[in-house]
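In what follows, a single structure is set out as structure tokens and then discussed.
The values are calculated or read from the model by the stated rules, or taken from the named source; none is laboratory data. Everything quoted here is computed from the prediction, not taken from an experiment. All Cβ positions, glycine included, derive from the backbone under ideal geometry; neighbour counts span all protein chains shown.
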Amino acid sequence: MKEAIGGSWITIIVITFIVLFASFMSLSINWSKTYKVKDEIVLAIERNNGVNPDSLEQIGAYMADLGYRTVGDKCPDHYVGFTYDGTKTYSSPSYCIKANFVGATATGHKSFTAYYSIVVFFRLDVPIIRHMIKLDLEANTKIILPRVDDLVAKRGKEY
């Protein structure tokens, strides 16, 4: 009888360590994937001189290749939410972007020079508990100077 009780304790300890190890691996893989998406969004915006159809297409393609389907509840104030395919949304966005304009022109209009703030969502879902961990990762791009042909196209327009 003593050996039967000892064997069941060892089984419980082994199962506990397996569950802890699987949980840690799940957390680290999802966390890594979220950081990869955040970094790729920053790079796509910087490569394409801002948020435009080309950058949104690159972001969507990367998210589809990576299999990133995490969505948030809503974007912070003054942010614009996007789904993974690049369409604007106000509910359940995959990521949020905000343009921060730097300085002003001599006439007081907004400058075309800006940096972008990005929010990417991290969620760890457990089937019974549901949202166990909810975090928002934030990042900023470097200051992006517009190309000359972009300035000519926007000349005289309020941005």
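Points to keep in mind about this one:
- Per-region count, segment 21-48, residues out of contact with any helix residue (DSSP H, G or I) (no Cβ under 7 Å at 6 or more places or on another chain) and either in contact (Cβ under 8 Å) with a residue 12 or more places away in the chain or at positive phi (or both): 10
- Restricting segment 37-73 to residues that are of a type in the set (Ser, Thr, Tyr) and part of a helix (DSSP H, G or I), the residue that is farthest from residue 96 (Cα to Cα): 62
- Qualifying residue in segment 83-90 (condition: of a type in the set (Gly, Ala, Ser), farther than 25 Å from residue 145 by Cα and at pLDDT below 90): no
- Taking (1) loosely packed, with under 12 Cβ neighbours inside 10 Å; (2) out of contact with any Ser or Thr (no Cβ under 7 Å at 6 or more places or on another chain) in turn, residue 55 satisfies each apart from (1).
- The set of residues in segment 65-79 being touching a Lys or Arg at 6+ places or on another chain (Cβ under 7 Å) and farther than 14 Å from residue 38 by Cα consists of 78, 79.
- Of all residues in segment 75-88, those satisfying the criterion of being surrounded by fewer than 16 Cβ atoms within 10 Å (Cβ to Cβ) and in a strand (DSSP E or B) are 80, 88.
- Index of the failed condition, residue 78 passing every other in (1) touching a strand residue (DSSP E or B) at 6+ places or on another chain (Cβ under 6 Å); (2) on the phi > 0 side of the Ramachandran plot; (3) in contact (Cβ under 8 Å) with a residue 24 or more places away in the chain: (3)
- Test: residue 45 is more than 25 Å from residue 67 (Cβ to Cβ) and at pLDDT 90 or above: no
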